[in-house]
Amino acid sequence: MPTTRSLILVMASAIAVFVAEQAAAQPDVQPRPDTEPQPDAEPRPDKDPRPDRAPAGALVPPRVRSDTSVRYPPEASGDATVILELTIAPDGTVQVARATSGREPFGSVAAAAARGWRFSPATRDGAPVAARIRFELTFRAPAVAPEAEPETLPDAAKRPTSEETDAASPPGKPAPPKAPSTALEVTVTADRPAPGRQVLTRAEARQLPGAFGDPLRAVEVLPGVTPIVSGLPYFFIRGAPPGNVGYFLDGVRVPALYHLGAGPSVLNPGLIERVDLYSGGYPAQYGRYAGGIVAAETTRPRADLHGEANVRLIDAGGFVETGFAEGRGTALVGGRYSYTGLVLSLVAPDVDLEYWDYQSRITYDVGKRTTLGVFAFGGFDFLGETVDGEKQTAFSTEFHRLDLRLSHEASRHTRLDVAATFGIDRGDLGSEDVRSVDRIVGTRGRVRHRVNDNAELRLGYDVTLDFFELERDLSADDGVDNGELFPSRRDQAFGIWLAYPVDVHQRVSLTPGIRADLFTSEGAAAIGVDPRLSALFKVKRNLRLIHTLGLAHQPPSYTIPLPGLVPSGLEDGLQQSVQSSSGVEWDLPKLYTLTATAFQTAFFNTTDNLDPADFNVSEEVTIDENGNEVIDNGGNEGPTTEKLKQRSLGSAVGVELGLRRPITQRLGGFVSYTLSRSLRSFRRSKAPANFDRTHVFNFAAGYDLGKRWRAGSRVVLYSGLPSSRRNPDGTRIRHPDRVAPFFRLDVRLEKRWSLGKRGYWAFVFEVLNATATREAISDACDDEGCRVERIGPLTFPNVGVEAFF
């Protein structure tokens, strides 16, 4: 069972930490003769000989012990100031580094470098504690020609706090240039990233070939992610289909991550600070999904005038943000419009593809500790075809969100966030006669209270009301009662959650949590209680063991999520999953990070809409009144309520490997490999899931060619889907037949020029599936023989100009 195995692995990790700690402490008792001296070692806090030692109970801030200079980015131009928010662990390592102010690529370069810095930890009463500090870096443009090679560029100057002045650089090295300033704030905190989280920053995603500069599209390069079809905006995560994966933007649920085909994300990439992927065992604040969670966070509001714009072969977009009321308020507006139809008309005049999106954000500080905000965003997608002069809809969706927010710092230790969300999702399925609308009203809240220097209490709630209705008569001539499939109804979900991240030891962090949800729909009700636990064990300074374990519940869902289309059927119970994983993270030299994770997930009562003929258990042959054979195949000729209510069991087990170096470095990239098997059980039969792919491999690399040229490529390779061929008795052949594997190559080339003192503009050439590979999606046999169904080639060239100011 996943639970038993996870507990055993957690106990083994605790033993490993204990052994490592004893081994690390041994040299202090009897040092080896060949031990290298450490002239720059700091004295123990409880034996600090300095006369200005802090009084009892006072906080002693962290002090720098390593070189904090950062090389000027070769692709950048002009001067820039970056403020970093660093979380310093009790052992002095930088646990989290992110840029809270400053433009790209300076912010990402500074954050990447800061992760390798070392500090003397903050202390209170002589005991090391975690701390969060703000750290400022100033980049000065090199006094050389703009086309100079990176090796000639200078380093950034650090702006230290007053507490850091004595230890700004190690002995024997000159201190970096310092700008006069007052000390930046230092806050003791237990805040930490959730174990098991994979992070993509906007700067990394922008350089990833095939992602078109979008962090949300770049998620598919991470271990554990399996595409349903190359280039499309849906993927499976650890055996969970797209309908079991939750998408959130600043805590707001959204129906899709990006537009149709190879379209960009539904939010302007410049507004996305990072994307977090929780493949399983995710934090208690997220719920109502039996698979993984993809959570995007927007950038913090800025009062200075800035923005970006791009014009590409398929679309144009941009955003601009500025401040008002002497910096107390900020306002942002952005959007994107596609003219893909004009391009498609040259090669496929009968196909029509359209999409657009918009964003608007206003924030205002009503006091020193209270901020109000409004965030509105939405998007539209349409795919149609002209037949006999008449435009026919193949796929059409749109969504809109309005989020009202309030943030209040009640004290130094307590923060409150509440929000109200209003939205509408609309989906059309192949005809204007089939349209469903979901009107959404919701509210959520969260309280974070720092109990002490090593623990934090987090609790919250979220309530969502979904009003489903049919805008048009869905009765069609296909014999399917669509009104029964998509009934007008009101669904309600009430949830509360609690988490308690705590450092139980200098090397051990635990995050227990629990979530409870009440679901109601059409007179039926169901309750889901989801305990969660994640653990982080620091075996060494650069070696961590990570374990996650959790239970998740979800109402019925379709395999592919569509805006406005959510099945009923709560009376048959909730979908459930038990998710567990154990992994290791190893920080290597030169900013490389190696990860390896083993996972196991068990699914119960799933609504994958399985075809009963897949298992040959529900075909029944009868004779009609005319003596003809009639085959009842369980409704495979079209959707029925019985088919949609079919429930099954499932499992997924696998290993994920990853190696990454920030792609913003001169040479950087990603390597990920997933070996997995996803199974589904229906009644007494078991077979690989329709979407099972045994091997998924990604390799992406970027290289700075010099003179502000940068090139990159990406290789994608994965196994084919299970074969749909059948044996003579009608059963489906599953082993070892599969359709052909898929391979594609993406390429990217960029050239940058300066734009004033702060900005730049760039020419970008990018191709998704440059090999023009067609993808096999299924095969079938009939009286005329067997054939393979392929799509594509889905090849998308992209040429554009970008500007950042």
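Rule-based calculations on the coordinates, nothing more; no lab input. What you see is a predicted model, and the numbers here were worked out from it, not measured in a lab. Positions of Cβ are backbone-derived with ideal geometry, glycine not excepted, and every protein chain shown enters the neighbour counts.
Using θ = phi - 60° in the Karplus curve 6.51 cos²θ - 1.76 cosθ + 1.60, the 3J(HN,Hα) couplings for the range 129-140 round to 9, 5, 8, 10, 10, 9, 10, 10, 10, 10, 9, 10 Hz; x is entered for Gly and Pro.
Ranked by the mean number of other Cβ atoms within 10 Å of their residues, highest first, the peptides 750-759, 198-207, 529-538 come out as 198-207, 529-538, 750-759.
Packing around the peptides 764-776, 788-800, 80-92, taken as the average count of other Cβ atoms within 10 Å per residue, puts them in this order, highest first: 80-92, 764-776, 788-800.
Computed over neighbours whose Cβ is under 10 Å from that of T548, the net charge equals +2, Lys and Arg +1, Asp and Glu -1.
What does the charge count around S230 come to, taking other residues whose C-beta lies under 13 Å from its C-beta (Lys +1, Arg +1, Asp -1, Glu -1)? Intermediate results must be reported in sequence, preceding the final value.
Values: positive: R217, R693, R714, R744, R774, R790; negative: E220, D746, E775.
My count for the surroundings of S230 gives +3.
Extension gain for H449 to W586 (0.36 nm times residue separation, less C-alpha to C-alpha distance): 46.2 nm.
Here the peptides 272-285, 96-109, 511-524 are ranked by packing, the mean other Cβ count within 10 Å, and the order with the highest first is 272-285, 96-109, 511-524.
Taking a Cβ cut-off of under 9 Å around A711, the surrounding Lys, Arg, Asp and Glu residues balance to a net charge of 0, with basic ones at +1 and acidic ones at -1. Which whole-angstrom value gives the distance between the alpha carbon centres of the range 505-532 and the range 405-465? One Cα centre to the other: 16 Å.
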